[in-house]
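The values are calculated or read from the model by the stated rules, or taken from the named source; none is laboratory data. Computed from a predicted model, the values in this text were never measured in an experiment. Quick reminder, even Gly has a Cβ in these numbers, built from the backbone with ideal geometry, and neighbours come from all protein chains shown.
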């Protein structure tokens, strides 16, 4: 976390978990998108670390989170299969078609709207992925 932040790593983790729970079936979010929505746009890698250590008992749809280029996690072979079963469309090179399958977080997520409005989020560029 940023040294001047009042949010603890545990609070950030909880926000990420809340956001991941809201990603609808057949849609994906990016690590950067989730970091941005949680109020820390430069913490995409931290989101990845959090999700890689998520306890199974939470039953979060972590498979719906991909890189900014649409790539699946490199050591999680089952991720692409889980996404395909949900109807996620892939491009050549085994990348998710983010134009079709990126989560419209502002239109579909009460948590996303409340997190980003508290941080004064401005317009998003293509790397953050909210459309």
query: What helices (runs of 4 or more DSSP H) completely inside the stretch 27-90 contain at least 2 residues that are in contact (Cβ under 8 Å) with a residue 60 or more places away in the chain and crowded, with 19+ Cβ neighbours inside 10 Å?
result: 31-37
message: So residue 77 ticks every box in (1) more than 19 Å from residue 37 (Cβ to Cβ); (2) at pLDDT 95 or above but one. Which box is left unticked?
response: (2)
field: Scope the stretch 91-102; condition over 14 Å from residue 30 (Cα atoms) and surrounded by 11 or more Cβ atoms within 10 Å (Cβ to Cβ); matching residues
entry: 91
message: Based on this model, can you work out whether residue 119 counts as modelled with pLDDT under 55, over 14 Å from the mean Cα position of the chain (by Cα) and surrounded by 11 or more Cβ atoms within 10 Å (Cβ to Cβ)?
response: yes
task: Look at residue 95 and say whether it is within 17 Å of residue 18 (Cα to Cα) and out of contact with any strand residue (DSSP E or B) (no Cβ under 7 Å at 6 or more places or on another chain).
output: no
